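Everything below concerns the one structure shown next.
The values are calculated or read from the model by the stated rules, or taken from the named source; none is laboratory data. Keep in mind that this is a model prediction, so the values were computed, not measured. Note that each Cβ is placed from the backbone with ideal geometry, even for glycine, and that neighbours are counted across all protein chains shown. Accessible surface is based on the protein model in full, side chains and every heavy atom, while ligands, DNA and RNA are left aside. Shrake-Rupley method; radii C 1.70, N 1.55, O 1.52, S 1.80 Å.
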Amino acid sequence: MNPQTIFILTPAIGVMGGADKASKLLAEKYADSGFIVHVFATSCQIKSTHPNISIHPPILNKGHKWKLPQRSLVTKMAYYCRRYKPCYIYTVGLTFEVRLALQYLNKYKIRVWETTQANEGNKFVDQQAIKLLHKANAVIVPSATIKANVINNYGYSGVIIKLPFWVEWIPDEGMPQRISRNNKILYIGRIDLDKGFDILFDALRKIDFPLSIDICGRGDEATIKKMATDLHEVTIHGFTPDEKLNKLREQADFIILPSKHEGYPLTLIEAMGYYKPVIASDVGSIPEVFEGCMGAVIFPNHNANVLAILLKKLYQESNEAYKQRMIESRAKYNTLMQEIKLPL
């Protein structure tokens, strides 16, 4: 066994979605610690320039109906396992790729990083993979909330290790000069119905002041645009390059996440690194992570009426109150980043 080699199996490695970012950051964290890291990803959205990281795509990139990319990826990883004998295989999420790994590669130490809300009905969870969790060396969870869900919803009784998500360190360049509000809110993430756009749009219809929403990310843009045809203040940008995204974030008063289920709020944590207060639904780890933080405003999931009331209240606050939310956002970010310790 080579104690210096880590394998990571993931559906995607990139910078847009939570699990995609988590895969990238996990690889970089281990590589920076001196490990040789091999990432096996069904979708390789980025290339790595880190000398300790190799990213491997599937052997076949067609035949998705039969899941040939996933099958060929795990086959490829099996060959590399025999060659390099990794000390651990980290899998990101409970996907079909993970099911195959647990089924055929469980003689190696597989650590399953559960990145969702750990709910059997979650469309991102492979139901057969749940039944194979007992073959894992350990399950990695980002929070106590997800740990409880893994135990209660999956019936898992093995080793559970807590490892919160993190983001690339954002240098503290000091408090932004602007503390007045622009009546702009930004959403960053996957564009999908389960992210709660119906609740957000209903809330917009209930408020009596102008408020513009920018939506950035990949996904089902056509469906979301159709839902917002009567809302001229909603702009869907789709995939957004970093330069444009940074400008939109700088202009935004709040980052919003009205999701109907959420594992760990990576986008919100990143926003706080930029002194941005956040607005989010009370799902998954969100209440646990942001409890008592003035930089986060939490509303009941599925409740457009409450969200509308909160939006009105937030824009009636004084600039000093908004400034305090900004200060507490960065303070929360600093605290969360200090909690990250890799399981070795």
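The set of residues in region 246-269 that are touching a strand residue (DSSP E or B) at 6+ places or on another chain (Cβ under 8 Å) and within 29 Å of V125 (Cβ to Cβ) comprises I255, I256, L257, P258, S259, K260, E262, P265, T267, L268.
Remark: M294 matches the filter, which requires a residue to be touching a residue at least 24 places away in the same chain (Cβ under 8 Å) and open to solvent by 40 Å² or more (accessible area, probe 1.4 Å).
Among the residues of region 192-241, those that are in contact with a helix residue (DSSP H, G or I) (Cβ under 8 Å, 6 or more places away or on another chain), closer than 21 Å to H302 by Cα and β-branched (V, I, T) comprise I199, I207, I213, I215, T223, I224, V234. Among the residues of region 302-312, those identified as open to solvent by 20 Å² or more (accessible area, probe 1.4 Å), out of contact with any Phe, Trp or Tyr (no Cβ under 9 Å at 6 or more places or on another chain) and at pLDDT 95 or above are N303, N305. Across region 61-95, the number of residues qualifying as aromatic (F, W, Y), part of a helix (DSSP H, G or I) and either over 21 Å from L26 (Cβ atoms) or modelled with pLDDT of 95 or more (or both) comes to 3. Within region 225-265, take every residue that is touching a Lys or Arg at 6+ places or on another chain (Cβ under 6 Å) and either in a helix (DSSP H, G or I) or surrounded by fewer than 18 Cβ atoms within 10 Å (Cβ to Cβ) (or both) and give me the one that is modelled with the lowest pLDDT. So the residue we want is F239. Could you give me the residue pairs with C-beta distances under 6 Å whose first residue belongs to region 313-336 and is surrounded by fewer than 18 Cβ atoms within 10 Å (Cβ to Cβ), whose second residue is polar (S, T, N, Q) and not in a helix (DSSP H, G or I) wherever it lies, and which are 6+ apart or on separate chains? Listed pairs, sorted by first residue: N319/S180. Among all residues of region 24-36, there is none that is in contact with an Asp or Glu (Cβ under 9 Å, 6 or more places away or on another chain) and assigned to a loop (DSSP other than H, G, I, E, B). Taking region 156-188 as the range and being in contact (Cβ under 8 Å) with a residue 40 or more places away in the chain, under 29 Å from S143 (Cα atoms) and in contact with a strand residue (DSSP E or B) (Cβ under 7 Å, 6 or more places away or on another chain) as the test, the residues that pass are I161, L163, I185, L186, Y187, I188. Kindly provide the set of residues from region 96-119 that are open to solvent by less than 40 Å² (accessible area, probe 1.4 Å), assigned to a helix (DSSP H, G or I) and not acidic (D, E), ordered by number. Of everything in region 96-119, those that are open to solvent by less than 40 Å² (accessible area, probe 1.4 Å), assigned to a helix (DSSP H, G or I) and not acidic (D, E) turn out to be F96, V98, L100, A101, L102.
Being open to solvent by 30 Å² or more (accessible area, probe 1.4 Å) and of a type in the set (A, V, I, L, M) is the filter here; which residues of region 208-224 pass it? Result: A222, single match.
Entry remark, region 25-35: residues being free of Cβ contacts under 8 Å to residues at least 60 places away in the same chain and open to solvent by 70 Å² or more (accessible area, probe 1.4 Å) number 1 in total.
Here N183 does not fit the description of being at pLDDT below 95 and open to solvent by 20 Å² or more (accessible area, probe 1.4 Å). Taking first residues from region 131-153 that are on the phi < 0 side of the Ramachandran plot and open to solvent by 10 Å² or more (accessible area, probe 1.4 Å) and partners that are part of a loop (DSSP other than H, G, I, E, B) and among the polar types (S, T, N, Q), the Cβ contacts under 6 Å between residues at least 6 apart in sequence or on separate chains come to K135/N106; T145/S285; N153/N119.
For the criterion of being part of a strand (DSSP E or B), aliphatic (A, V, I, L, M) and modelled with pLDDT of 95 or more, A280 passes.
Entry remark, region 120-148: residues being closer than 17 Å to T95 by Cβ and part of a helix (DSSP H, G or I) number 8 in total.
T5 meets the conditions (1) closer than 12 Å to G93 by Cα; (2) part of a strand (DSSP E or B) in every case but one. The failed one is (1). In summary, S157 fulfils each of the numbered conditions (1) open to solvent by less than 20 Å² (accessible area, probe 1.4 Å); (2) small (G, A, S); (3) in a loop (DSSP other than H, G, I, E, B) with the single exception of condition (1). Filtered by the rule that a residue be closer than 23 Å to C216 by Cβ and among the small types (G, A, S), region 5-53 gives A12, G14, G17, G18, A19, A22, S23, A41, S43. Within the set E288, E250, the sole residue that is within 19 Å of the chain's Cα centre (by Cα), among the acidic types (D, E) and closer than 28 Å to Q324 by Cα turns out to be E288.
Just to be sure I understand, how many residues within region 45-73 are open to solvent by less than 60 Å² (accessible area, probe 1.4 Å) and among the polar types (S, T, N, Q)? Talk me through it step by step, then tell me what you get.
Going residue by residue through region 45-73, those that are open to solvent by less than 60 Å² (accessible area, probe 1.4 Å) are 46, 48, 50, 52-58, 63, 69-70, 72-73.
Those still in the list that are among the polar types (S, T, N, Q) too: 48, 52, 54, 70, 72.
Qualifying residue count for the region: 5.
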